[in-house]
Amino acid sequence: MIAHKVLFVVLDGVSDRPCDALNGLTPLEAAKTPVLDRIAAEGICGIMDSVAPGIRPGSDTSHLALLGYPPQEYYTGRGPLEAEGTGIHMTAGMIGFRCNFATVDENGLITDRRAGRISGTAPLAEAIREEVDLSALGVEFRFESGAGHRAALALSGVGLGDKVSSNDPKKEGVKPPAVKPCTDDPADKKTAEACNEFIRQSSKVLYDHPLNIKRMEEGLPPANLLLIRGAGKMGKFPQFSERYGLSGSVISAATLITGIGKVVGLEHIPVPGTTGSVNSDLNAKVKAALGELERKDFVLMNIKGADEAGHDGKGIQKRDFIEVIDAALEPLLDLPDTLLVICADHSTPCSIKDHSADPVPVVIRGPGVRVDRNTRFDEISCAEGGLHRIRGLDLMPIVLDLINKSHKYGA
Ligand SMILES: O=C(O)[C@@H](CO)OP(=O)(O)O
Ligand SMILES: [Mg+2]
């Protein structure tokens with residue numbers, strides 16, 4: 001009784017703290033989740049520090065850890081991973097950045113880091129590609145929009161460094177700072193100059209773009225500034241198939257997760273109708289995952305919406321979306337020959353509107369798995385499960401052992 005396939009379902013940021021709006025329950029505790037609870041009842045549960053206790057992980061470092069790539073060794077910044085996810089292929093010497101379409105008011109103060117969670121930004125990206133020109137600085141650029149307010153930028157040219165700051169202050173009500181070199185290296189200075197010029201020129205393009213004029217007429221915040229962060233060069237990643245002897249696919253609307261999957265060698269499967277938000281077509285996503293499991297050994301499926309609700313501080317929306325997730329996961333109850341792993345990548349408590357270091361719930365269910373006595377999938381109940389408290393990097397070794405692909409340590 002051993003499974004041959006693995007489905008990793010990452011409920012991005014689903015984990016939380018007690019919410020005032022939910023009478024002190026977490027959204028997972030407050031939601032009615034018969035499917036997740038049945039999976040918990042039929043599996044082994046625990047809680048997990050995706051990186052380490054007390055470390056607040058980004059989705060980048062946490063997903064690397066969950067896939068068994070120590071972020072301390074492999075992480076070179078969010079930018080190059082996000083860029084790969086939008087379809088920009090990062091070659092040697094290119095510097096990648098994550099960007100947000102954001103809103104500034106007439107005084108230059110940031111009023112919304114996500115431009116009202118704008119979507120459909122492809123025409124804005126196209127206008128930027130057509131009109132921005134960095135050739136006077138000896139720099140070429142690629143710019144692609146991603147899901148929602150997200151986009152990615154990549155710079156290439158002779159002598160570009162990646163040690164530069166960000167113009168994203170990570171809060172609203174302040175002016176975006178200039179991008180600065182973090183060292184005295186002329187290469188970092190050149191990158192910082194290119195970033196500031198890119199921000200300046202793109203703001204002009206965005207300012208009177210028809211899409212923004214229409215948004216303002218409708219009372220929506222215009223996307224009139226790009227916040228750029230996460231500068232980095234692409235790292236080197238041993239391929240998933242060589243590392244584990246497993247073929248695999250990634251299903252995610254979030255470009256960062258797509259990018260991480262691609263760089264470790266998972267095939268990206270786009271699913272029409274998925275948005276990375278609470279309006280995503282999760283049934284289509286689950287169907288795609290089931291299809292992939294017929295031809296691959298391993299599937300990573302990321303569902304992003306709960307994280308967005310956490311970042312927005314919307315506890316009730318988060319609870320309600322968890323119920324939508326739960327209903328969509330029902331077809332997974334009958335999965336044959338498959339080890340099903342469900343977890344979050346990090347907590348995104350509504351009370352702090354950002355990631356926290358609180359450990360996340362995790363369940364593993366499938367043939368041969370010892371079943372513990374926990375019957376609910378939430379932060380508090382899973383802490384009493386048989387996996388106890390593990391780290392993100394423990395997950396792949398546990399999974400490989402359960403599918404009998406683990407190597408014996410010793411003779
Ligand atoms: O992309 C996102 O969902 C979040 C966190 O990863 O970033 P931001 O706060 O810029 O929206
Ligand atoms: Mg995340």
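The values are calculated or read from the model by the stated rules, or taken from the named source; none is laboratory data. Note that the structure is a prediction, hence the values are computed from the model and not measured. Don't worry about glycine lacking a Cβ; one is built from the backbone with ideal geometry, like all the others, and counts go over all protein chains shown. Surface areas here come from the heavy atoms of the whole protein model, side chains and all, with no ligands, DNA or RNA. Shrake-Rupley method; radii C 1.70, N 1.55, O 1.52, S 1.80 Å.
What's the local net charge at LEU109, with K and R +1, D and E -1, over the other residues with C-beta under 12 Å away? Numbers along the way, then the final one.
On the way: positive: ARG113, LYS171, LYS175; negative: ASP105, GLU106, ASP112, GLU172.
Around LEU109, the surrounding residues sum to -1.
Net charge near SER156: determine it from the other residues with C-beta under 13 Å of the C-beta of SER156, scoring Lys and Arg +1 and Asp and Glu -1.
Working: positive: ARG142, LYS190, LYS233; negative: GLU140, ASP162.
Combined, the nearby Lys, Arg, Asp and Glu give +1.
Per the 1.4 Å probe, what fraction of the accessible area of the chain, in percent, lies on carbon and sulfur atoms? Mind dumping the intermediate values first?
Numbers: 8720 of 16940 Å².
Summing carbon and sulfur atoms, their accessible area is 52 percent of the total for the chain.
Given the Cα-Cα distance of LEU220 and ARG129 and 0.36 nm per residue of separation, how much length would full extension add, in nm? Spell out each step's value before the answer.
Values: separation 91, 0.36 × 91 = 32.76 nm, distance 2.39 nm.
My answer for the length gained is 30.4 nm.
At 222 nm, what value in deg cm²/dmol follows for the chain if DSSP H runs of at least 4 each add -39500 (n - 2.57) and the sum is divided by all its residues, to the nearest 500? Walk me through the intermediate numbers first.
On the way: 14 runs with 133 residues, N = 411.
-9500 deg cm²/dmol, from helical runs alone.
From Cα pairs below 8 angstrom and at least 6 apart in sequence, can you work out the relative contact order of segment 187-232, rounded to a whole percent?
Values: 21 pairs, mean separation 16.6, N = 46.
In percent, rounded to a whole number, it is 36.
Over the chain, with the other protein chains present, what is the accessible area per residue in square angstrom, probe 1.4 angstrom?
Values: 16940 Å² over 411 residues.
Roughly 41 Å² per residue, with all protein chains present.
When only C-alpha pairs under 8 Å and at least 6 residues apart count, what is the relative contact order of segment 82-232, in percent? Show your work: numbers first, answer last.
Working: 323 pairs, mean separation 47.9, N = 151.
32 percent.
Quick one: what does P(r) look like for segment 82-232 with 5 Å bins over all Cα pairs, in whole %?
2, 10, 21, 24, 21, 13, 7, 2, 1, 0
Specify the inter-centroid distance of segment 14-58 and segment 155-228, based on alpha-carbon positions, in whole Å.
36 Å
Stretched out fully, how many nm does the piece from GLU42 to LEU109 gain, at 0.36 nm a residue minus the Cα gap?
On the way: separation 67, 0.36 × 67 = 24.12 nm, distance 5.15 nm.
Stretched fully, the GLU42-LEU109 segment lengthens by 19.0 nm.
Mind checking which lysines have their C-alpha under 24 Å from LYS287, skipping anything on the same chain fewer than 8 residues away?
Partners found: LYS5, LYS32, LYS262, LYS296, LYS304, LYS318.
Within segment 27-103, list the trypsin sites (Lys or Arg not before Pro) lying in a DSSP loop whose Cβ has at most 16 other Cβ atoms in a 10 Å radius.
Numbers: sites: LYS32, ARG38, ARG78, ARG98; in loops: LYS32.
In loop regions of segment 27-103 (DSSP not H, G, I, E or B), the sparsely surrounded trypsin sites (Lys or Arg not before Pro) are LYS32.
Keeping to pairs on different chains or 8 or more places apart, tell me how many lysine pairs in segment 82-232 have Cα atoms under 28 Å apart.
So the count of such lysine pairs works out to 26.
Using a Förster radius of 30 Å, what is the FRET efficiency between ASN23 and ILE55 based on their Cβ-Cβ separation? Nearest 0.05, please. Walk me through the intermediate numbers first.
Numbers: r = 30 Å, r/R0 = 0.99.
Using R0 = 30 Å, I get an efficiency of 0.50.
Taking K and R as +1 and D and E as -1, what net charge do the other residues with C-beta under 12 Å from the C-beta of PHE198 add up to? The partial results should precede the final answer.
Values: positive: ARG129, ARG142, ARG200, LYS204; negative: GLU131, ASP133, GLU140, GLU193, GLU197.
In short, -1.
Using a 1.4 Å probe and counting only protein heavy atoms, arrange HIS63, HIS268 so the residue with the most accessible area comes first. Could you put the intermediate results ahead of the total?
On the way: HIS63 0, HIS268 60 Å².
Correct descending sequence by accessible area is HIS268, HIS63.
Looking at the chain as a GNM with Cα springs under 10 Å, which of ALA288, ALA309, ALA147 has the largest mean-square fluctuation?
Of the options given, ALA288 has the highest mean-square fluctuation.
Short version: ³J(HN,Hα) in whole Hz for each residue of segment 172-177, in order, from phi by Karplus 6.51 cos²θ - 1.76 cosθ + 1.60 (θ = phi - 60°), x for Gly and Pro, what are they?
Result, rounded to whole Hz: 9, x, 10, 7, x, x.
What is segment 126-206's relative contact order, in percent, from Cα pairs under 8 angstrom and six or more apart in sequence?
29 percent.
According to the square roots a ≥ b ≥ c of the eigenvalues of the Cα gyration tensor, what is the shape class of segment 205-297, taking rounded for a/c under 1.5, prolate for a/b larger than b/c otherwise, and oblate for the remainder?
Numbers: a/c = 4.59, a/b = 1.70, b/c = 2.70.
Oblate, since a/c reaches 1.5 and b/c is not below a/b.
Of SER15, SER62, SER351, which has the largest mean-square fluctuation in a 10 Å C-alpha GNM of the chain?
Comparing SER15, SER62, SER351 in the GNM, the peak value goes to SER351.
Can you tell me what the convex hull of the Cα atoms of the chain projects to on average, as an area in nm²?
Working: hull surface 82.5 nm².
Result: 20.6 nm².
Test of the criteria: in segment 135-224, which trypsin sites (Lys or Arg not before Pro) are in a DSSP loop and have at most 11 other Cβ atoms within 10 angstrom of their Cβ? Provide the component values of the computation, followed by the final result.
Working: sites: ARG142, ARG150, LYS163, LYS170, LYS171, LYS189, LYS190, ARG200, LYS204, LYS214, ARG215; in loops: LYS163, LYS170, LYS171.
Passing both the DSSP loop test and the Cβ count: LYS170, LYS171.
So, in Å, what gap is there between the alpha-carbon centers of segment 334-411 and segment 76-126?
Between the Cα centres of segment 334-411 and segment 76-126 lies a distance of 32 Å.
Give me the dipole magnitude in Debye, nearest 20, for segment 82-232 about the Cα centre, with unit charges on the beta carbon: positive for Lys and Arg, negative for Asp and Glu. The partial results should precede the final answer.
Values: 19 positive and 22 negative charges, 87 e Å.
Here the size comes out at about 420 debye.
What trypsin sites (Lys or Arg not before Pro) does segment 339-396 have in DSSP loop regions with at most 16 other beta carbons within 10 Å? All intermediate terms of the calculation are to be shown ahead of the outcome.
Details: sites: LYS353, ARG365, ARG370, ARG373, ARG376, ARG389, ARG391; in loops: LYS353, ARG370, ARG373, ARG376.
Within segment 339-396, the qualifying trypsin sites (Lys or Arg not before Pro) (loop, at most 16 other Cβ atoms within 10 Å) are LYS353, ARG370, ARG373.
Label-point separation (nm) for ALA92 and ASP401, each offset 7 Å from Cα along Cα-to-Cβ?
Taking the two extended label points, one gets 4.0 nm.
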